[in-house]
Each structure stands twice: as structure tokens, then as C-alpha cells.
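Notes follow the structure.
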């Protein structure tokens, strides 16, 4: 497997281009814009402090510190944590819900499941296991000792796992057995089924993703809701510590640098760039897609397990140098259409790719990345944790 490393010549080329860009920017009077967008300080301040080294002491506070690093829908971080002795209750923060994009709360709950999985991995590293219950719309995670702790080997990936939205190796090949190894890690999550799509099925699903993205950007309410979470300036990142940023888009360093020097983009421009990247980067370079499906899509326990499954797979992929990225436009459009009382044109094609009797709740791509994924901002622990 190729390593994602720059040669010295490439580094010098990037450094030289960046230096020229800085000089040009200053000569054009763009210093203020560079400062506002954080051109020279992508992730060196408090919005990224959560990604520093995690303690392995297994205390509830340290487990929550791991949980807030989890994947979540559009980096809305829709969670609250309540510590009560050896129990951590993970609850939805509905002020961060996405009613147009996620009208059934399926993505919100899978985001909570991702947080639960990170918490479980951190507990395993401290020699503890967890029991997960659902109660009144929340997940109740009880720490236990004396049982076999699953996932301790993934602890080091907690601070290294980042969504990679950049291009993957275009030969689309993964080492033999890779996908089967990933699937084998989900044995303790019996409510979830993982389907890998390769070859013709991969191409069919990729076309669906592009069409669904076109439908999202054509839906002004859904598009506006997603764009509300775009953080274009350093001040916005500092103020909110959430949402989508330029640094997390998987662009080459020089492209990111130059993009930060441009004036803020409009919703229409953001949508056009997203659609272009979906078609020309995300879909065209995916080695495979994964579909996570369940028998009962209304079950909170099943939704939580889908989130745990995705997070576990992404942590595993990180340990072997693979990149992953959620691509949920198809399921988002199906939910949106149904919420508006109409038949979704995406429902039947997705059902044809999903095992009989199952409903797909989550989709993602996997491959060998060609650029290094950058960190996304996180709210501080003090903003999301409480004590019973």
C-alpha cells in the first residue's frame, strides 16, 4: 500500500508556491482576508484542542473527551453527556437537529452511536467494557469491569481519525481481504448488516449519489440548512467550534491556501463546488462503498448500532492507512421526499442494492487517500458535559 507522503521536491514546490502566494496576497492588500480566514493557522488554536492526546485512565470525563471526537452529521455535534457515577448518558441536542436534511432523526441518532463507540473504545483501553441501553430517546452507557474489553487496539486512532474528502487512489484496488477484515469487526453489533459495493454496483451507487446531490442543491430549504453549518472565517470557527471548514475539505494545501484568500462564497457557489467534488472526486475515486442497513429502521437501538459500526470501521480504516467519508445524500433525499408526502425516486434503486428485508441508513466510501485529512473543530468538553 502506498504511503501518503510528499517527496522533498514536492514539499519545496508547495513551500515555494505558498511563499509566492503570501507575497502576492500582501501586495494585493489581502492581509486582512488572510487573517480573517486563518490562512497561516489552520488548526493551531482552541477549536482543535480536543484532538490532543487522550488519557487512558477510564474516568467518565476522559471517556466523554474521546466521545466528542466522533463522526457526526455535518459536524453539528448534536449531543449532550450526563455523568452519573459509572454511567454516561448520551442525549440528543435537538437545537442542532437538521429537520430538512434529517427529518426522521436517523442521522442524529447514528451520530450519537458514533460517540458511544468512541466512548467504548476509550473504556476498552482502560480495561473496561460497556453495556449500552436506550431510555427515553437517549443512550445509557454503563461502565463494567471483569469482561473482555473489545476495541482497545483502536484507541490510538481516536485522535487520528478524520473524514477524508480528498481524492483516493484512482486504481480503486484494495489489498485482498481488506473489506472482509473490516466486516468481521462488526460481529458484536448484531442489528447491523454491512454490504460492500464494488465494480458495477459501486458505479450504480455512485450515479445515485451524484443525482441525490443534485436534488439536495435544487432543494433551497435543504441546501440552506446545510449551508448554515459552513464556517468560512476564523472568527466563525472560533465562535462556533463546529460545522464544515475549508481545511476539512481534502483539498491540496496550495488550493486551500488560495481559497482562503478569496471573498466569502455564496450558497450557490458552495453548492456548485460540492456537486463538482461529489462527481469528480468522491465518486470517481471511491474504491468501494459501504452500506449499513437494519431490519427495523425506526429502532433507536438499531440506529445507535449503525453509528457504532461506522465509527468502528473508520477507526479500523485509520489504523491501516485507509480513508473514509460518509455519503448519505441518497438516504437524506429519501427521508426528505417521504417527509413531504411524495414517493422518492431514490428509494427503489437503493433498495435494489440493499439485502432483502433491510433498510439502508448509512452509506460511505473507502479508499487509499492521496491527501492527508485535516482536523475539524470541536466544542470544548465544558459545553457538552453535565453531572447528575
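The values are calculated or read from the model by the stated rules, or taken from the named source; none is laboratory data. Keep in mind it's a predicted model, so treat the numbers as computed, not measured. Positions of Cβ are backbone-derived with ideal geometry, glycine not excepted, and every protein chain shown enters the neighbour counts.
The table for this structure:
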quantity	calculated
Any chance residue 217 is touching a helix residue (DSSP H, G or I) at 6+ places or on another chain (Cβ under 6 Å), over 23 Å from residue 359 (Cα atoms) and at pLDDT 95 or above	yes
Pairs, first over 16 Å from residue 308 (Cα atoms) in the range 149-166, second assigned to a helix (DSSP H, G or I) and at pLDDT 95 or above, C-beta under 8 Å, six or more apart	156/319; 159/51; 160/318; 165/248; 165/277; 165/281; 165/282; 166/281
Residues of the range 211-259 that turn out to be part of a helix (DSSP H, G or I) and more than 15 Å from residue 165 (Cβ to Cβ), as a count	24
Boolean, residue 298 is surrounded by fewer than 21 Cβ atoms within 10 Å (Cβ to Cβ), touching a strand residue (DSSP E or B) at 6+ places or on another chain (Cβ under 9 Å) and under 29 Å from residue 92 (Cα atoms)	no
Candidate set: the range 330-367, residues that are part of a helix (DSSP H, G or I) and closer than 25 Å to residue 173 by Cβ; chosen: the one farthest from the chain's Cα centre (by Cα)	353
Residue 200, sole failed condition from (1) at pLDDT 95 or above; (2) farther than 22 Å from residue 361 by Cβ; (3) assigned to a loop (DSSP other than H, G, I, E, B)	(3)
Qualifying residue in the range 221-236 (condition: out of contact with any strand residue (DSSP E or B) (no Cβ under 6 Å at 6 or more places or on another chain), without any contact (Cβ under 8 Å) to a residue 24 or more places away in the chain and within 25 Å of residue 351 (Cα to Cα))	no
In the range 66-83, residue farthest from the chain's Cα centre (by Cα) [restricted to those that are part of a loop (DSSP other than H, G, I, E, B) and under 10 Å from residue 119 (Cα atoms)]	68
Enumeration of residues in the range 35-65 that are assigned to a helix (DSSP H, G or I), modelled with pLDDT under 85 and surrounded by 19 or more Cβ atoms within 10 Å (Cβ to Cβ)	37
Where residue 344 falls short, out of the listed (1) in contact (Cβ under 8 Å) with a residue 12 or more places away in the chain; (2) buried (at least 17 other Cβ atoms within 10 Å of the Cβ); (3) under 26 Å from residue 224 (Cβ atoms)	(1)
Residues (over 19 Å from the mean Cα position of the chain (by Cα) and either surrounded by fewer than 17 Cβ atoms within 10 Å (Cβ to Cβ) or over 14 Å from residue 132 (Cα atoms) (or both)) located in the range 84-93	84, 85, 86, 87
The range 157-182, residues that are under 24 Å from the mean Cα position of the chain (by Cα), modelled with pLDDT of 95 or more and loosely packed, with under 15 Cβ neighbours inside 10 Å	160, 180, 181
Members of the range 185-209 found to be surrounded by fewer than 17 Cβ atoms within 10 Å (Cβ to Cβ) and out of contact with any strand residue (DSSP E or B) (no Cβ under 6 Å at 6 or more places or on another chain), listed by number	187, 188, 190, 199, 200, 201, 203, 204, 207
Residue check, residue 139 out of contact with any strand residue (DSSP E or B) (no Cβ under 8 Å at 6 or more places or on another chain), more than 17 Å from residue 313 (Cβ to Cβ) and crowded, with 20+ Cβ neighbours inside 10 Å	no
Single residue of 258, 251 found to be at pLDDT 90 or above and either under 15 Å from residue 371 (Cβ atoms) or more than 18 Å from the chain's Cα centre (by Cα) (or both)	251
Scope the range 370-388; condition out of contact with any helix residue (DSSP H, G or I) (no Cβ under 6 Å at 6 or more places or on another chain) and either under 21 Å from residue 207 (Cα atoms) or assigned to a loop (DSSP other than H, G, I, E, B) (or both); matching residues	370, 371, 372, 373, 379, 380, 388
